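Colleague: Structure below; questions to follow.
The values are calculated or read from the model by the stated rules, or taken from the named source; none is laboratory data. On a predicted model such as this, the values are computed, not experimentally measured, just so you know. All Cβ positions, even for glycine, are placed from backbone atoms using ideal geometry, and neighbour counts span all protein chains on display.
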Amino acid sequence: MLEFITEKTSSWEFLKNTELPIFIYGMGDGAEKILKQFENFGIPTAGFFASDEFVRGHSFKGHLVHSLSQIEALIDDFVIVLAFGAGYESLYRRITDIAKKHILIAPDVPVVGGGLFTYEYCLENAQKLQKVYDLLADDLSKQTFADIVNFRISGKIEYLDRCTCDKAHIWNDILKPGDNEEYIDMGAYNGDTAIEFAQITGGKYKAIHALEPDTRNFRKLGKNTEGLKNINIFNAAAWNEDTMLDFSDRSGRNSKITDSTGIKLKQVAALRGDSISENATYIKMDVEGAEMQAIEGCAASIGNGCKLNIALYHRTEDIFEIPLRIHELNPRLKLYIRHLMYIPAWETNLYCTL
């Protein structure tokens, strides 16, 4: 069991045991989450650095923020810990180039919720992980799943580079949209994914239903999709019932349903996908940690065999709990896992088709 897991030392264990100085690359939420784990594990920090355009006059947590070249001029050998997400090519390539010169680790910390993805965590969930691996529909999915698991344990970005694919492959070889699709876009953000869908289908679709709970994003969604035909937009979150929920209105991709600690708390409408349509043919879910609730709210469409595109990276357990739940709801659906260009393992998604 779990023969596909080759990494057994977590990124946190490696960082705790290294004798080299450790510099954190980046500032902000990611660095704060990593520092919290450094405190838990007793990992020392030598300092912080940022890209040249962010260096001048900046300090973070009492440290003056340096440039990489300044650190390289003073220290020959050190470890870099990446503390932000890189999803566009020039930044991605900059990071992979840095990793050729220095040991670079991108520790896995959950976007939402708690728990760390370690080898011990994998052993605790061995049966579920193995079941997902065995259920996957093709060898590339199995290899991608293995690479993502090994990355999340070790923080070694070469695993991500190896399994990265492009969107054209996903559209052309997995989702294969037809001319009469009814699409529910959950977590529509500013309309980018609705527009992409319209372009891929050449405007030949039945309807687009786009949900976005964040106020500012919703305004952008409305403005950016004005030219699309047959589109319905909802200032609402995706959920497992039609209700009202507290929401952290953060005006970005990280806006999310919250319990008590959110910023700018407000009440927002929440809708089941099945309340919008039980005949959806394609549903995308990128809802910042509420994917399991969104899945339950789409049980009818999933049971009917609609195609799915679901984010697998917000919560520590999503990588196995989401595929297993989809399989329970409709065992006929084939399960594929692909990773789009991103460091850390964000943009790792589950794609499902009959």
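Conditions (1) touching a His at 6+ places or on another chain (Cβ under 7 Å); (2) surrounded by 15 or more Cβ atoms within 10 Å (Cβ to Cβ); (3) outside the structural domain of I148 (by TED's automatic domain parsing); (4) touching a residue at least 12 places away in the same chain (Cβ under 8 Å), marked per residue:
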position	(1), (2), (3), (4)
L2	no, yes, yes, yes
F23	no, yes, no, yes
G26	no, yes, no, yes
E39	no, no, no, no
H63	no, yes, no, yes
L68	no, yes, no, yes
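Colleague: Another question, if that's okay. Could you check, for the stretch 131-153, whether at least one of its residues is charged (D, E, K, R), outside any loop (DSSP other than H, G, I, E, B), touching a residue at least 12 places away in the same chain (Cβ under 8 Å) and surrounded by fewer than 21 Cβ atoms within 10 Å (Cβ to Cβ)?
Modeller: yes
Colleague: Suppose we keep only residues that are in a helix (DSSP H, G or I) and of a type in the set (A, V, I, L, M, F, W, C) within the stretch 99-124. Which one would you say is surrounded by the fewest Cβ atoms within 10 Å (Cβ to Cβ)?
Modeller: L123
Colleague: Turning to a different aspect of this structure: Answer yes or no as to whether A50 is in the same structural domain as L104 (by TED's automatic domain parsing), in contact (Cβ under 8 Å) with a residue 60 or more places away in the chain and touching a helix residue (DSSP H, G or I) at 6+ places or on another chain (Cβ under 9 Å).
Modeller: For A50, the condition - in the same structural domain as L104 (by TED's automatic domain parsing), in contact (Cβ under 8 Å) with a residue 60 or more places away in the chain and touching a helix residue (DSSP H, G or I) at 6+ places or on another chain (Cβ under 9 Å) - is not met.
Colleague: Does the stretch 80-98 contain any residue that is modelled with pLDDT of 95 or more, over 16 Å from A345 (Cα atoms) and in a loop (DSSP other than H, G, I, E, B)?
Modeller: No, there is no match, as no residue in the stretch 80-98 is modelled with pLDDT of 95 or more, over 16 Å from A345 (Cα atoms) and in a loop (DSSP other than H, G, I, E, B).
Colleague: Something else now. Which members of the stretch 281-325 meet the condition of being of a type in the set (A, V, I, L, M, F, W, C) and either at pLDDT below 95 or not in a helix (DSSP H, G or I) (or both)?
Modeller: Hits for the stretch 281-325 are I283, M285, V287, A290, C298, C306, L308, I310, A311, L312.
Colleague: Hey, can you tell me all the residues within the stretch 204-235 that are of a type in the set (S, T, N, Q) and outside any helix (DSSP H, G or I)?
Modeller: T225, N230, N232, N235
Colleague: Being over 13 Å from I310 (Cα atoms) and among the basic types (K, R) is the filter here, so list the residues in the stretch 332-353 that pass it.
Modeller: Matches in the stretch 332-353: R332, K334.
Colleague: Right, something else. In the stretch 198-231, which residues are within 17 Å of D286 (Cβ to Cβ) and without any contact (Cβ under 8 Å) to a residue 24 or more places away in the chain?
Modeller: Residue satisfying the conditions is F218 alone.
Colleague: Answer with yes or no whether K131 is out of contact with any Pro (no Cβ under 9 Å at 6 or more places or on another chain) and assigned by TED's automatic domain parsing to the domain that holds A86.
Modeller: Criteria not met by K131.
Colleague: If you go through the stretch 236-280, how many residues are modelled with pLDDT of 95 or more, more than 23 Å from the chain's Cα centre (by Cα) and not in a strand (DSSP E or B)?
Modeller: 7
Colleague: Which ones in the stretch 313-335 are touching a residue at least 40 places away in the same chain (Cβ under 8 Å) and surrounded by fewer than 23 Cβ atoms within 10 Å (Cβ to Cβ)?
Modeller: H314, R315, T316, E317, F320, E321, L324, H327, K334, L335
Colleague: Testing T96 on (1) under 25 Å from L340 (Cβ atoms); (2) in contact with a Phe, Trp or Tyr (Cβ under 9 Å, 6 or more places away or on another chain), one condition comes back false. Which one is that?
Modeller: Status for T96: all satisfied but (2).
Colleague: Still on this structure: I need the full set of residues from the stretch 52-77 which are under 29 Å from T9 (Cβ atoms) and touching a Phe, Trp or Tyr at 6+ places or on another chain (Cβ under 9 Å), in order please.
Modeller: F60, K61, H63, H66, L68, I71, E72, I75 - these are the residues of the stretch 52-77 that are under 29 Å from T9 (Cβ atoms) and touching a Phe, Trp or Tyr at 6+ places or on another chain (Cβ under 9 Å).
Colleague: Another question, if that's okay. F49: more than 15 Å from V109 (Cα to Cα), crowded, with 18+ Cβ neighbours inside 10 Å and at pLDDT below 95, yes or no?
Modeller: yes
Colleague: Taking the stretch 1-49 as the region of interest, how many residues are more than 21 Å from L160 (Cβ to Cβ), part of a helix (DSSP H, G or I) and within 21 Å of the chain's Cα centre (by Cα)?
Modeller: 3
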